[in-house]
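Read-outs throughout are calculated quantities, based only on the coordinates presented, and are distinct from any laboratory measurement. In this text the structure is predicted, and so the values were computed from the model without any measurement. Here the Cβ positions follow ideal geometry from the backbone for every residue, glycine too, while neighbour counts run over all protein chains shown.
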Amino acid sequence: MKNKLIVVFCHSRAKELDKCLTSLKNARGLNTWQLIVLQQYGHEKIDNIITKHKDIIEVSIKVKPKHKSILGNINNNRILGMGIAFNQFNADYVLGIEEDNLISADALEFIDFILGNYHNKRFFRGINLGSLEFGNHIKSGGFSLLRSGMHGSAGVLTRRTWLALEKKGYLDFNFDDPKNPWDAMIEFYLKCGFMIAPNLSKSLDIGYGGTFSPKNPHDHLFVSNKRSWKQSNKYTNFRYQHIQIPHSMKRDIIAYSKIHNFLYAARSKKIIAKVSQLIGVKKFVSEMLIKYGK
């Protein structure tokens, strides 16, 4: 049996964390996963929620803020938590979830299905649980292979992906850069292969009003995500299958095609990316990849 870990990253949003952990408790198959909670010091209400859900938590880890910016501490906690899961717990797969996200009752079953069918694929990087797609034309159980980064809100990385990120230096990060999220940094490597996402969302973002989220709960991202989530939750029996559809989470998320791997691999090289930026062709190359990848 593979060693699977969930890491919940929490800061100060106790009500949202309670809902997050409740959704995990209600997820089918949780007993085959270990759950770690990584929290920052200084929030008694968070302590109380963790105590409330201690029956499903393997380990709770407290860290002190050590960087100048909020984003720096978020980046640090993300890398620290994932590193503990992979390096100390020897995880094969890690699902990282922010405190203000819920997962569906079948989300872990979906992850197990994808891992069972794709873990040996060379260009498989991981799984995102979120989607903004909805409508009667979308079948339940469908998923897409996408050139995409990882959703920081709820996403899975494989051990092979983590080791590659480590080898390529993506864990050596400037935590004091207030404008550089880590998930954007690793996006270059992830897009050299594919991430898999359900066509109907298996995660719900309730994080409006957060530090880096829209303040308005009626923002397009939240509304579309909720509609996708609600449509998915109408179904109870899923037959998971690859049904490729366009995804609109970000404009540059496109369908995976193996024939473009060389171009993405070249673009991911730090020195090539730097040179292309200096001579002003980086945006042009990105636009061409998006245009011909659709």
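Translational diffusion coefficient of the chain (Stokes-Einstein, Kirkwood radius from Cα pairs, 25 °C, 0.890 mPa s): 125 µm²/s. Each stretch of four or more DSSP H residues adds -39500 (n - 2.57); spread over every residue of the chain, this sum gives -10500 deg cm²/dmol at 222 nm. Ordering of 217-228, 147-158 by packing is 147-158, 217-228, highest average first (other Cβ atoms within 10 Å, averaged per residue). Taken over the alpha carbons of the range 192-262 as equal point scatterers, the Debye sum produces base-10 log I(q)/I(0) values at 0.12, 0.20, 0.21 Å⁻¹ of -0.44, -0.98, -1.03. In order along the range 244-259, the phi-based Karplus estimate (6.51 cos²θ - 1.76 cosθ + 1.60, θ = phi - 60°) of 3J(HN,Hα) comes to 6, 9, x, 10, 10, 3, 9, 4, 8, 7, 10, 5, 6, 9, 4, 5 Hz; Gly and Pro are listed as x. The label point for T51 and the one for H218, both projected 7 Å from the Cα toward the Cβ, are 4.0 nm apart. Overall, the range 1-145 carries a charge dipole of about 360 debye about its Cα centre when +1 sits on the Cβ of Lys and Arg and -1 on the Cβ of Asp and Glu, all other atoms neutral.
Each residue of the range 49-57 was assigned a 3J(HN,Hα) from its phi angle through the Karplus expression (A = 6.51, B = -1.76, C = 1.60, θ = phi - 60°), giving 5, 5, 4, 4, 10, 4, 5, 10, 9 Hz with x at Gly and Pro. Dipole check for the range 4-256: with +1 at the C-beta of Lys and Arg, -1 at the C-beta of Asp and Glu, and the Cα centre as origin, the magnitude is about 380 Debye. Spacing of the modelled spin labels on N117 and K64, each 7 Å from Cα toward Cβ, amounts to 4.8 nm. Across the range 186-203, the residues whose backbone nitrogen lies under 16 Å from the label position 7 Å along the beta-carbon direction of K234 are 199-202.
Report, please, the projected area of the range 53-159 averaged over directions, based on the convex hull of its C-alpha atoms, in nm². Could you put the intermediate results ahead of the total?
Details: hull surface 35.5 nm².
With every direction weighted equally, the projected area is 8.9 nm².
For K168 and N90, the FRET efficiency from 1/(1 + (r/R0)^6), where r spans their Cβ atoms and R0 equals 22 Å, is about 0.55.
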